[in-house]
Amino acid sequence: MGFIKEFKEFAVKGNVMDMAVGVIIGGAFGKIVTSLVDDVLMPVIGMLTGGVDFTKLTAQVGDATVNYGTFIQNIIDFLIIAFCIFLMIKGMNKLTAKKEEEPAPEPEPSAEEKLLGEIRDLLKKK
């Protein structure tokens, strides 16, 4: 019974749940980026390179077919995702840095401290 309880504690920790949400959102984001590359960028790049369809770029090595056009598209997918993650982390770091830079306001002196300050000032005058 201890193993199941230990697994349950692990599974419901905040970090595991956050990671699960991140993986799900990351998968959906990956599909969006793949669609952006396949349906928007690659046709434009193909048009600029003389109508080349990268998905059809292949090389025959012996009996094997190497689909290097698909590999090029996957590299572009990766670069876009890496760039987006870089921008997101850079933004998060900027927000975190601003929070750290804000100095905490000095607390208001207590009545006792004010009274002691007044006594000090009076003693200085004498």
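Checked against the criterion of being basic (Lys, Arg), exposed (fewer than 12 other Cβ atoms within 10 Å of the Cβ) and not in a helix (DSSP H, G or I), the stretch 113-126 has at least one qualifying residue. Residue by residue through the stretch 51-70, note down the ones that are assigned to a helix (DSSP H, G or I) and either modelled with pLDDT of 90 or more or open to solvent by less than 90 Å² (accessible area, probe 1.4 Å) (or both). Within the stretch 51-70, PHE54, THR55, TYR68, GLY69, THR70 qualify. Among the conditions (1) surrounded by fewer than 10 Cβ atoms within 10 Å (Cβ to Cβ); (2) closer than 26 Å to LYS31 by Cα, PHE83 misses just one, which is (1). Residues of the stretch 1-33 that are open to solvent by 50 Å² or more (accessible area, probe 1.4 Å), of a type in the set (Val, Ile, Thr) and in a helix (DSSP H, G or I): ILE4, VAL21, VAL23, ILE24, ILE25, ILE32.
Taking the conditions exactly as written (of a type outside the set (A, V, I, L, M), open to solvent by 100 Å² or more (accessible area, probe 1.4 Å) and farther than 30 Å from ILE45 by Cα), does LYS90 satisfy them or not? So LYS90 does not fit the description; no.
The residue that is farthest from LYS31 (Cα to Cα), counting only those in the stretch 94-112 that are open to solvent by less than 90 Å² (accessible area, probe 1.4 Å) and at pLDDT below 85, is PRO109.
Considering only residues in the stretch 34-50 that are open to solvent by 60 Å² or more (accessible area, probe 1.4 Å) and over 30 Å from the mean Cα position of the chain (by Cα), the one that is farthest from CYS84 (Cα to Cα) turns out to be GLY50.
The values are calculated or read from the model by the stated rules, or taken from the named source; none is laboratory data. Remember, it's a predicted structure, so these values are computed and weren't measured experimentally. Cβ atoms come from the backbone with ideal geometry, glycine included; neighbour counts cover every protein chain shown. We work out accessible area using only protein heavy atoms, side chains counted, and drop any ligands, DNA or RNA first. Shrake-Rupley method; radii C 1.70, N 1.55, O 1.52, S 1.80 Å.
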